[in-house]
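The structure under discussion appears below in the form of structure tokens.
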Amino acid sequence: MASRKESSSVSSTAMASTSGTLDSPVKQIQIEGLVVLKIIKHYQEEGQGSEVVQGVLLGLVVDDRLEITNCFPFPQHTEDDADFDEVQYQMEMMRSLRHVNIDHLHVGWYQSTYYGSFVSRALLDSQFSYQHAIEESVVLIYDPIKTAQGSLSLKAYRLTPKLMEICKEKDFTPEGLKKANIGFEQMFEEVPIVIKNSHLINVLMWELEDKSTVADKHELLNLSSSNHLEKSLQLLMDRVDDMSQDIVKYNTYSRNLSKQQQQKHQYLQRRQQENAQRQSRGEPPLPEEDISKLFKPPQPPPRMDTLLIAGMHANTHSHILRV
């Protein structure tokens with residue numbers, strides 16, 4: 001591996017734990033500058049507006065540091081491409097990279113985001129599959145809108161051990177999540193990123209910066225953010241609406257459960273009174289019945305959706321504060 005020099009780092013606080021409290025085999029991520037450029041280029045070529053682009057991360061693990069040295073995109077395909085096999089495509093790509101002596105080990109995946117709204121059930125399920133198969137796997141989240149404003153936005157996340165256990169057991173009931181004592185703050189952990197380049201690339205970047213005009217630099221000082229703020233607030237309102245609908249569903253479940261418990265109690269009281277009357281008349285008591293079959297409990301709404309909505313709400317709020 002060529003000698004590399006640290007050029008910049010990307011780290012920030014979010015709804016995840018930081019490197020000081022990480023409880024995972026990966027404490028830091030070292031990513032090649034070329035990989036960052038490939039991710040940005042992928043979105044510029046195939047991403048449009050809120051459309052998400054995704055790809056595979058390749059590299060290796062050195063002690064507690066995950067080195068990401070290469071990547072390749074998932075191709076965009078439509079419903080007409082019914083014969084497209086995504087797994088076979090990944091295997092062919094990694095086999096081709098191995099033949100030309102390039103790091104080909106699968107270490108995670110990347111995804112673009114639209115105004116920071118990346119927390120979803122699809123992302124959770126995908127990262128669980130990756131992390132369950134490859135313990136050191138991470139997901140890189142690239143925000144093209146914030147990057148276009150002059151500040152690279154690239155973050156790495158992993159599922160916390162608590163959430164991994166819950167996903168393995170698939171117990172998303174209110175009782176299961178309460179027993180695990182997990183909230184949206186304990187769902188993801190953020191891993192600090194360090195971007196590294198070779199000495200030649202660092203020299204080239206220095207020369208380009210030295211040759212850039214003052215007018216070009218002034219463009220990065222543009223504070224116009226009204227459009228971004230408006231869209232972020234609209235997304236925040238949508239999150240609040242989703243949360244309100246979820247609360248209504250849970251309140252309906254609670255009322256139905258309470259009503260059923262009351263009906264069950266009244267039924268048992270009537271049975272006891274009737275058995276007492278039959279006993280006074282010298283008659284045998286009524287046969288035992290399975291109460292659970294007579295009163296089937298209502299199905300509780302999945303609380304994992306509530307955690308995801310809360311996580312999206314918190315993440316959108318953090319995004320607005322940074323606009």
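Okay, here's what the table says:
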item: Of all DSSP beta bridges in segment 94-214, antiparallel share, percent nearest 5; result: 60
item: Net charge of neighbours whose Cβ lies under 9 Å from the Cβ of Leu286, counting Lys and Arg as +1 and Asp and Glu as -1; result: -1
item: Accessible area expressed per residue, segment 116-275, with surrounding protein chains retained (probe 1.4 Å, Å²); result: 61
item: Only Lys, Arg (+1) and Asp, Glu (-1) charged, at Cβ; segment 102-216 dipole about Cα centre in debye; result: 320
item: FRET E, pair Ala148, Ser244, Förster distance 41 Å, beta-carbon r, rounded to 0.05; result: 0.80
item: Ranked by how many other beta carbons lie within 10 Å on average, peptides 105-114, 176-185, 302-311 from highest; result: 105-114, 302-311, 176-185
item: Cross-link table Lys170/Lys293; Lys264/Lys293; Lys259/Lys296; Lys170/Lys296; Lys38/Lys231, entries beyond 20 Å C-alpha to C-alpha; result: Lys170/Lys293; Lys170/Lys296; Lys38/Lys231
item: Summed side-chain charge close to Ser244 - residues other than Ser244 whose Cβ falls under 14 Å, Lys, Arg +1, Asp, Glu -1; result: -3
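The values are calculated or read from the model by the stated rules, or taken from the named source; none is laboratory data. Bear in mind that the values here come from a model prediction, so they are computed numbers and not experimental data. Quick reminder, even Gly has a Cβ in these numbers, built from the backbone with ideal geometry, and neighbours come from all protein chains shown. Accessible surface areas use protein heavy atoms only, side chains included; no ligands, DNA or RNA. Shrake-Rupley method; radii C 1.70, N 1.55, O 1.52, S 1.80 Å.
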